[in-house]
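These notes concern the structure reproduced below.
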Amino acid sequence: MAGALVAVPWGAGRADVAGPHLVVVAVAVGVAAFGLRQWRRAVRRRRLGDRRRQVAEAIGLMSAELRAGILPQRALQGLAPEFPFLTAAARAADLGGDVPAALRAAADESGAELLAELSGAWLVAERAGAPLSRVLDRLEETARGELEIEREVESGLAPARATGRLMAVLPVFGLALGSGMGGDPVAVLTGTYPGVLCLAAGCALACVGVAWVERIASSAEAEA
């Protein structure tokens with residue numbers, strides 16, 4: 001019949017709208033997870049650098065105290081409150097325990113690898129009576145040189161990292177520009193299937209780009 005009404009199932013319109021919205025939620029969750037992972041990696045990288053600087057500083061202070069005539073055990077106990085990674089070794093020195101073993105255990109933590117060399121120097125000093133201060137001077141010089149190289153590499157890679165992140169968020173400014181010109185790109189990207197597919201693809205490519213830049217930077221830091 002010409003005047004017949006076509007029955008439309010109740011909720012069909014809602015399903016058409018809910019589908020793109022579910023994709024948008026999934027994209028948002030994925031981007032948030034990726035951002036959290038990148039933030040955690042940055043925190044770990046910063047903590048690693050801080051620990052290396054602390055170890056170098058502790059070795060330098062210990063070397064200065066030994067040159068001033070302070071016994072190694074006393075110097076270690078005096079530095080332990082300021083540098084927690086020396087606490088176990090200081091306790092071993094106070095109780096007459098195995099200080100080199102405690103230092104080797106502390107060296108297992110990321111960024112504290114130089115303590116393994118301090119452990120070897122301490123062991124040689126105990127068994128052969130070699131002057132520990134001279135070895136510490138060389139260790140401090142080596143640590144300072146490595147830290148200087150790391151700072152130069154990090155400063156050289158900072159613009160690349162910043163550029164990658166800027167390129168990842170640049171499309172947001174494009175959306176703002178489109179909205180300012182009277183369009184509604186956000187509604188298209190979040191309310192239609194072609195739009196959400198473009199949104200998902202764009203976010204995926206942005207995350208891949210940031211991860212790629214970060215991987216290149218990390219490889220350069222590892223080789224430095």
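Just so you know, all these numbers are worked out from the coordinates, no wet-lab data involved. Keep in mind that what you see is a predicted model, and the values were worked out from it rather than measured. Here the Cβ is made from the backbone with ideal geometry for all residues, glycine too, and neighbour counts use every protein chain on show.
If a spin label sat at a point 7 angstrom from the Cα of ASP94 along the line to its beta carbon, the backbone N atoms of region 100-123 nearer than 19 Å would be those of 100-106. Please find the FRET efficiency linking ALA187 to TRP212, where r is the Cβ-Cβ separation and R0 is fixed at 35 Å, and quote it to the nearest 0.05. That pair, ALA187 with TRP212, gives E of 0.65.
Figure the gain on full extension for LEU147 and ALA28 (residue separation times 0.36 nm, minus the Cα-Cα span) and round it to one decimal in nm.
Using 0.36 nm per residue and subtracting the Cα-Cα distance, I get 39.0 nm.
Taking a ≥ b ≥ c as the square roots of the eigenvalues of the alpha-carbon gyration tensor, region 160-224 is classed oblate because a/c is 1.5 or more while a/b is no larger than b/c.
To the nearest ten degrees, helix 114-128 and the longest principal axis of the Cα atoms of the chain are 10 degrees apart.
Taking the Kirkwood radius as Rh and the Cα radius of gyration as Rg, the chain has a ratio of Rg/Rh equal to 1.31.
Mind giving me the FRET efficiency for SER219 and ARG127? R0 is 41 Å, r the Cβ-Cβ distance, nearest 0.05 is fine. Intermediate results must be reported in sequence, preceding the final value.
Working: r = 41 Å, r/R0 = 0.99.
Efficiency at R0 = 41 Å is approximately 0.50.
When only C-alpha pairs under 8 Å and at least 6 residues apart count, what is the relative contact order of region 35-223, in percent?
Values: 145 pairs, mean separation 31.5, N = 189.
Taking the mean separation of contacting Cα pairs over the length of region 35-223, I get 17 percent.
Cβ crowding within 10 Å, taken as a proxy for footprinting-reagent exposure, orders CYS198, CYS207 from fewest neighbours to most as CYS198, CYS207.
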